[in-house]
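The values are calculated or read from the model by the stated rules, or taken from the named source; none is laboratory data. Being a predicted model, the structure only gives us computed values, none of them experimental. Positions of Cβ are generated from backbone atoms using ideal geometry, with glycine treated the same way; all protein chains shown enter the neighbour counts.
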């Protein structure tokens, strides 16, 4: 009860004075809370002079914090510098993107099947050998694109990796995936135009025309068209990397993987 009485006196002492003064202030005036409690405590000198034994602990409890953080600040800045890539990291990234990417091979298989149905190029057969040539052509474009893109990125100090958006909502994340098709981050976290990405896409498209029928495919015509297709594939790949984990969780693929690969303890 003594604690409640002291708290009540403190509350009344701090609020009565400002409330009475506020009635006489002009309209534009604004009350500002004192930043430190001793200045506010001057409103009840009689209570301080009583030297109540519980007063020090209450004053310490009621002392306002020295600083207040920004509650609206994001948990992580979207352009926070990522871990700096070493030469070994870039080699591992190139290996994974070119030789150890199941998603890339699935996309190449689907693209070769579409060209097989469309009978493109027309001079390539529609049997198994023709499908093999179309698949090899798509893979050659992928390998050439990665060599140019990641090689130039290493020379210029740019980050060839896709960084997931630190935002919420399908529309902002889709816009981020589209933006990252044409831009990338430097090692210091600043956004810049991804020139190596353009060079890889259009350079690989032009190079691929040299193993197509030469009379029908020109580097400056069909090669540029292939470059447009490569940029579209990059955008689709960014969307997959952005929303793929969410789609996997929605389809409960992690639980399916756990059932198909049981742990050793599950057999005990």
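None of 229, 242 is surrounded by 16 or more Cβ atoms within 10 Å (Cβ to Cβ) and assigned to a helix (DSSP H, G or I) except 242. Hey, among 99, 131, which residue is touching a helix residue (DSSP H, G or I) at 6+ places or on another chain (Cβ under 8 Å) and assigned by TED's automatic domain parsing to the domain that holds residue 205? Result of the check over 99, 131: 131.
State whether the residues of region 207-216 include one that is under 28 Å from the mean Cα position of the chain (by Cα), at pLDDT below 95 and farther than 30 Å from residue 88 by Cβ.
Looking for residues that are under 28 Å from the mean Cα position of the chain (by Cα), at pLDDT below 95 and farther than 30 Å from residue 88 by Cβ, one finds none in region 207-216, hence no.
Looking at 47, 108, which one is surrounded by 10 or more Cβ atoms within 10 Å (Cβ to Cβ), at pLDDT below 90 and assigned to a helix (DSSP H, G or I)?
Testing whether each residue is surrounded by 10 or more Cβ atoms within 10 Å (Cβ to Cβ), at pLDDT below 90 and assigned to a helix (DSSP H, G or I) leaves just 47.
The set of residues from region 183-218 being under 13 Å from residue 141 (Cα atoms), part of a loop (DSSP other than H, G, I, E, B) and either touching a helix residue (DSSP H, G or I) at 6+ places or on another chain (Cβ under 7 Å) or without any contact (Cβ under 8 Å) to a residue 12 or more places away in the chain (or both) comprises 209, 210, 211. Quick check: anything in region 162-182 outside any strand (DSSP E or B), more than 14 Å from the chain's Cα centre (by Cα), in the same structural domain as residue 122 (by TED's automatic domain parsing) and surrounded by fewer than 20 Cβ atoms within 10 Å (Cβ to Cβ)? Within region 162-182, one or more residues are outside any strand (DSSP E or B), more than 14 Å from the chain's Cα centre (by Cα), in the same structural domain as residue 122 (by TED's automatic domain parsing) and surrounded by fewer than 20 Cβ atoms within 10 Å (Cβ to Cβ).
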